[in-house]
Amino acid sequence: MQSVVHHLRQLHSFGPANNDHLSAWRVAISVAVPSLVLLLLGRPELTIYAVFGALTGMYGRSEPHQLRLTHQLQAAMVLLSGVTVGVVLSVNGLHSWWLVGIEALLAGVGSVYSDKVRLRPNGPFFGILALGACASVPTPVPWYVALLIAGGAAAFSLLVGFGGWVRGRAWQPGAVRPAVRLNGTFRRHAATHAARYVLAVGAAGTIGLLTGSGHPHWAMAAAAVPLAGADLPSSVHRGIHRMMGTFLGLVLVAVVLFPGPWAPLHFFPGAEAAVLALLVIVFQFGTELFMTRHYGLAMVWFTPVILLMTQLAAPADPQVLITERAVETVVGAGTGILVVVLIRSRRNRRPAPAAGAAALP
């Protein structure tokens with residue numbers, strides 16, 4: 001009974017504050033500037049590429065500027081790789097089983113790389129998300145333009161993240177981010193972890209396809225969430241947070257997209273795309289604000305970011321969009337939890353870190 005109460009408390013507990021508003025502003029600026037440029041150019045449907053590039057700013061939030069730059073360069077490789085593969089799949093019309101197979105395989109590759117360089121947020125989650133999202137919408141510009149938008153946004157994020165260094169911090173010759181030792185223990189753990197990603201992401205995508213979902217990549221992304229947990233309890237908590245946060249976030253999406261006198265779009269007829277683009281920026285700020293303190297609350301804000309970007313890139317029936325997001329989240333998070341339970345390594349049997357210590361995937 002005490003164990004149950006302990007886990008329930010952990011589900012609702014907040015991690016310690018750590019200048020979260022500064023990180024939130026860095027990411028918000030990184031997202032806002034390229035998104036507003038696209039809006040002024042009359043191309044808000046391209047916001048999806050800018051946002052995934054700008055998510056580079058989510059990494060290295062508590063590190064010194066010199067090490068943050070290195071960390072964000074490593075993260076940019078994961079994000080831009082996901083965007084590139086996704087755009088290639090979209091341009092060539094490779095969907096359904098192609099998407100599931102390639103995304104599952106690259107989830108395993110991304111897992112090994114993320115473990116090796118110790119990405120924080122943990123794992124290849126955002127790269128997986130970028131791949132699936134970009135593959136599942138039409139590419140309205142030449143492929144290289146989409147990549148230039150994502151790459152430009154990533155470069156701007158690097159500039160924002162390093163900008164504070166000019167206030168007087170000195171460069172530290174030889175300073176490097178801590179990396180893991182490539183010994184037998186790491187290789188065994190990395191192989192197990194990568195296998196779990198391939199299995200969870202592939203299984204979730206397969207279920208999504210067989211059930212006729214139009215967005216199986218949402219299930220694949222959700223399946224990766226529990227795998228970033230430090231141990232079994234934290235993995236289960238993350239899966240539950242993913243579902244709870246998504247459901248609450250879908251309420252916000254419904255308020256925005258469903259017609260009615262309360263909807264923001266009702267007050268700005270003819271400017272729907274601009275309103276959605278601006279809301280993406282606002283919701284991304286909220287995501288980063290709760291990034292390390294409570295994953296569930298972060299998901300309340302991040303869910304509208306993903307769905308509003310998707311709506312900008314490929315408008316769809318809001319009711320179908322919301323329903324499929326809810327179903328795919330349950331399928332994916334449930335699959336990820338099941339894989340964590342069935343395939344465990346020694347590292348996953350260590351005691352759980354303090355609340356809030358695990359980073360958002």
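Select from the stretch 197-226 the residues that are hydroxyl-bearing (Ser, Thr, Tyr) and part of a loop (DSSP other than H, G, I, E, B) and write down the one among them that is nearest to the chain's Cα centre (by Cα).
Looking at residues that are hydroxyl-bearing (Ser, Thr, Tyr) and part of a loop (DSSP other than H, G, I, E, B), I get Ser213.
Return the only residue of Gly132, Gly108, Gly123, Gly151 being touching a Phe, Trp or Tyr at 6+ places or on another chain (Cβ under 6 Å) and within 30 Å of Leu67 (Cα to Cα).
Criteria check complete, one pass: Gly108.
With respect to Gly286, is the statement that it is in a helix (DSSP H, G or I), of a type in the set (Gly, Ala, Ser) and within 23 Å of Ile48 (Cα to Cα) true?
yes
Before we move on, is Leu158 surrounded by 24 or more Cβ atoms within 10 Å (Cβ to Cβ), in contact with a helix residue (DSSP H, G or I) (Cβ under 8 Å, 6 or more places away or on another chain) and in contact (Cβ under 8 Å) with a residue 60 or more places away in the chain? Step through it out loud before you land on a result.
Working: surrounded by 24 or more Cβ atoms within 10 Å (Cβ to Cβ): no; in contact with a helix residue (DSSP H, G or I) (Cβ under 8 Å, 6 or more places away or on another chain): yes; in contact (Cβ under 8 Å) with a residue 60 or more places away in the chain: yes.
When the stated conditions are applied, Leu158 does not pass them.
Where residues in the stretch 54-84 are over 14 Å from Gly151 (Cβ atoms) and hydrophobic (A, V, I, L, M, F, W, C), which of them is surrounded by the most Cβ atoms within 10 Å (Cβ to Cβ)?
Among them, the one singled out is Met58.
Do we have Arg188 as part of a helix (DSSP H, G or I), in contact (Cβ under 8 Å) with a residue 12 or more places away in the chain, within 23 Å of Ile240 (Cβ to Cβ) and among the charged types (D, E, K, R) here?
So Arg188 does not fit the description; no.
Does Pro318 satisfy the condition of being surrounded by fewer than 23 Cβ atoms within 10 Å (Cβ to Cβ) and either more than 23 Å from Ile48 (Cβ to Cβ) or modelled with pLDDT under 85 (or both)?
Numbers: surrounded by fewer than 23 Cβ atoms within 10 Å (Cβ to Cβ): yes; either more than 23 Å from Ile48 (Cβ to Cβ) or modelled with pLDDT under 85 (or both): no.
Judged against the criteria, Pro318 is not a match.
I want to confirm something. Restricting to the stretch 197-215 and keeping residues that are modelled with pLDDT of 95 or more and not hydrophobic (A, V, I, L, M, F, W, C), which single residue is farthest from Gly108 (Cα to Cα)?
It comes out as Thr206.
Looking only at residues in the stretch 101-130 that are out of contact with any His (no Cβ under 9 Å at 6 or more places or on another chain) and at pLDDT below 90, which one is nearest to Tyr49 (Cα to Cα)?
Taking the candidates together, the pick is Pro121.
Out of (1) under 21 Å from Val330 (Cβ atoms); (2) β-branched (Val, Ile, Thr); (3) free of Cβ contacts under 8 Å to residues at least 24 places away in the same chain; (4) surrounded by 14 or more Cβ atoms within 10 Å (Cβ to Cβ), the odd one out for Val275 is which?
All conditions pass for Val275, except number (1).
Could you go through the stretch 243-250 and let me know if any residue there is among the polar types (S, T, N, Q), in a helix (DSSP H, G or I), out of contact with any Leu (no Cβ under 6 Å at 6 or more places or on another chain) and surrounded by fewer than 22 Cβ atoms within 10 Å (Cβ to Cβ). Reasoning before the result, please.
We begin by selecting, within the stretch 243-250, every residue among the polar types (S, T, N, Q); these are 246.
Pick out the ones that are also in a helix (DSSP H, G or I) and you get 246.
Filter once more, keeping what is out of contact with any Leu (no Cβ under 6 Å at 6 or more places or on another chain): 246.
Subsequent filtering for residues that are surrounded by fewer than 22 Cβ atoms within 10 Å (Cβ to Cβ) retains none.
No, the stretch 243-250 has no match at all.
Looking at (1) crowded, with 18+ Cβ neighbours inside 10 Å; (2) free of Cβ contacts under 8 Å to residues at least 60 places away in the same chain, which one does Gly93 not meet, given that it meets all the others?
Gly93 satisfies all of (1) crowded, with 18+ Cβ neighbours inside 10 Å; (2) free of Cβ contacts under 8 Å to residues at least 60 places away in the same chain except (1).
When both residues are 6+ apart or on different chains and their Cβ atoms are under 8 Å apart, which pairs have a first residue that lies in the stretch 237-248 and is under 15 Å from Ile337 (Cα atoms), and a second that is assigned to a helix (DSSP H, G or I) and among the polar types (S, T, N, Q)?
Close Cβ pairs (under 8 Å, with a partner that is assigned to a helix (DSSP H, G or I) and among the polar types (S, T, N, Q)) amount to His237/Gln10; Arg242/Thr329; Met243/Thr329.
Do any residues in the stretch 286-305 that are over 16 Å from Ala32 (Cβ atoms) and touching a residue at least 24 places away in the same chain (Cβ under 8 Å) have Cβ atoms under 9 Å from those of residues that are among the hydroxyl-bearing types (Ser, Thr, Tyr) and assigned to a loop (DSSP other than H, G, I, E, B), where the two are at least six apart or on different chains, and which pairs are they?
If the second residue must be among the hydroxyl-bearing types (Ser, Thr, Tyr) and assigned to a loop (DSSP other than H, G, I, E, B), the pairs left are Thr292/Ser62; His294/Ser13; Ala298/Thr292.
How many of the residues making up the stretch 40-63 are hydroxyl-bearing (Ser, Thr, Tyr) and either in contact with a strand residue (DSSP E or B) (Cβ under 9 Å, 6 or more places away or on another chain) or farther than 15 Å from Cys134 by Cα (or both)?
Residues flagged as hydroxyl-bearing (Ser, Thr, Tyr) and either in contact with a strand residue (DSSP E or B) (Cβ under 9 Å, 6 or more places away or on another chain) or farther than 15 Å from Cys134 by Cα (or both) within the stretch 40-63 amount to 3.
The values are calculated or read from the model by the stated rules, or taken from the named source; none is laboratory data. Owing to the predicted nature of the structure, the values given are computational and were not obtained by experimental measurement. Glycine gets a Cβ as well: all are built from the backbone with ideal geometry, and neighbour counts include every protein chain shown.
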